[in-house]
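Each value in this text was obtained by applying a stated rule to the coordinates, not by laboratory testing. Because the structure is a prediction, the values reported are computed rather than measured. Heads up, the Cβs are rebuilt from the backbone with ideal geometry, glycines too, and the neighbour counts pull from every protein chain shown.
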């Protein structure tokens, strides 16, 4: 029982995928133009995550280690296709407003990350609750962003185009519609993470850092690290080695070029001095 | 002319990162230094262009005649993953010099959602193979432009004195937000 609550707490608060780990940024920013869209996307991801954790945990002893990533991708992609049909059939409006971001749940690194980090190593029940916790954490973050963007950018809460649960009259507040356009997504998320940093600072925790995949530590923090086998740090090392080679080659050339200069200067300087002396004499 | 306009609009007006939010992970994670982001954008241009062409061909010649279009998500992700692996092996064997400058970045792109996103949106918009390839190329150019700009801004503003809570992630996100506002201006061009 305690394991279940620990998993839920871990997913929603401690390792919140969006606000703490900054994973799965694409859907977070793209679909949170309103509260409904944010929650819809969060719930679809939750469903896929729980099912994929369930299946992968069941099959964890049967999938050979060498082909596990392609196997996970096929499982997740099939689940996403099913969710796509369900949404298309039962909530066509949500389906059309989420658009291309529904099939893109396949490449959401939260899902493959949890499959790799948790479900492939743990028993069935904890894996399911890990999926529920992470999915709820993701949904919560999307709901916060969607709520703020809809309120500031449209002046409504829970609007479905025609009707809205709460609508601020235009005489009181003129909506800043940039907040439901693309730039607003970046700006609102920046302020939400800054607020989180302030709260974390009070509790003595480290602020959110920009993921830097070009260092070993940053790459290990990325959920997709197992997929690319730490390619980014390798690439960075490689770029640095090329740079170092170029610099050392340039340094050698500089030595060659610079070396004759002092000689010529020295050779020239005495000449006027000599001539000066000769003139005086 | 139509294709040229399509490429320009994919690169600037509907910029893949700044207005469609695809490929944000490498956009944030590999943009600390200009050098690395140059290699990354080169690899992205090659992979997205090739993947759009191949996925579109598979869709038009295999999936569509057999009425299997609902399988496109599964098929595309597998095709892209194997394409990237194959490309890495091919470049490593055939052109070691190119591998040195570009190949090391290829595995990073396997799970880049921009690649799958472009392939899927080509199909959704009913583009033929040629148009898809040009659209993919334009989109990848837009990605390269955005990541290079962000890397240059980050190198310049690294030591700026920003409020403590805004250091790191919020700072980069606000930069991206301002870039996105600037890219909105391109909508008036076409």
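Of the three principal axes defined by the Cα atoms of segment A:24-148, the extents in descending order read 42, 25, 22 Å.
With kT/(6 pi eta Rh) evaluated at 4 °C and eta = 1.567 mPa s, and Rh the Kirkwood radius from Cα pairs, segment A:2-210 diffuses with a coefficient of 72 µm²/s according to Stokes-Einstein. Here segment A:146-173 and segment A:54-85 have alpha carbon centers that stand 40 Å from each other. The alpha carbons of segment A:1-90 stretch over 42, 36, 24 Å along the principal axes, in descending order.
The relative contact order of segment A:2-210, computed from alpha carbon pairs under 8 Å that lie at least 6 residues apart in sequence, is 33 percent. Between residue B:66 and residue B:85, the modelled labels are 2.0 nm apart [label points 7 Å from Cα along Cα→Cβ]. Ordering A:102, A:157 from the fewest to the most neighbouring beta carbons within 10 Å gives A:157, A:102.
Any chance you could give the angle, 0 to 90 degrees and rounded to 10, that helix B:113-124 forms with the longest Cα principal axis of chain B? Taking Cα atoms only, the helix is inclined about 50 degrees. Shielding by partners for peptide B:92-105, expressed as the average number of C-beta atoms from other protein chains within 10 Å of each residue's C-beta, is 2.
Please arrange B:157, B:56 by counting, for each residue, the other beta carbons lying within 10 Å of its beta carbon, fewest first. Show your work: numbers first, answer last.
Numbers: B:157 12, B:56 24.
Exposure proxy ranking, most exposed first: B:157, B:56.
The alpha-carbon positions of the protein assembly as shown define a convex hull whose volume is 239 Å³ per residue.
Relative contact order for chain B: what percent, with Cα pairs under 8 Å and sequence separation of 6 or more? Show your work: numbers first, answer last.
Details: 206 pairs, mean separation 80.8, N = 190.
Here the relative contact order equals 43 percent.
What average count of beta carbons from other chains do you get within 10 Å of the Cβ of residues in B:13-26?
5
The angle between the Cα long axis of helix B:129-157 and the main principal axis of chain B comes to about 20°, on a 0 to 90 degree scale. An ellipsoid equivalent to segment B:62-113, defined through the eigenvalues of its Cα gyration tensor, has semi-axes of 29, 12, 6 Å when rounded to whole angstrom and sorted largest first.
Ignore the peptide's own chain and count Cβ atoms of other chains within 10 Å of each Cβ in A:239-250; give me the average, rounded. Walk me through the intermediate numbers first.
Values: counts 10, 3, 1, 4, 2, 0, 0, 0, 0, 0, 0, 0.
That works out to 2 on average.
The mean of 1/r over all distinct Cα pairs in segment B:30-154, once inverted, gives the Kirkwood hydrodynamic radius of 14.9 Å.
Counting other C-beta atoms within 10 Å, which of B:32, A:206 has the fewest, and how do the rest follow? Provide the component values of the computation, followed by the final result.
Working: B:32 23, A:206 9.
Starting with the residue having the fewest Cβ neighbours, the order is A:206, B:32.
A helix-only calculation puts the protein assembly as shown at -21500 deg cm²/dmol for mean residue ellipticity at 222 nm, using -39500 (n - 2.57) for each DSSP H run of at least four residues, averaged over all residues.
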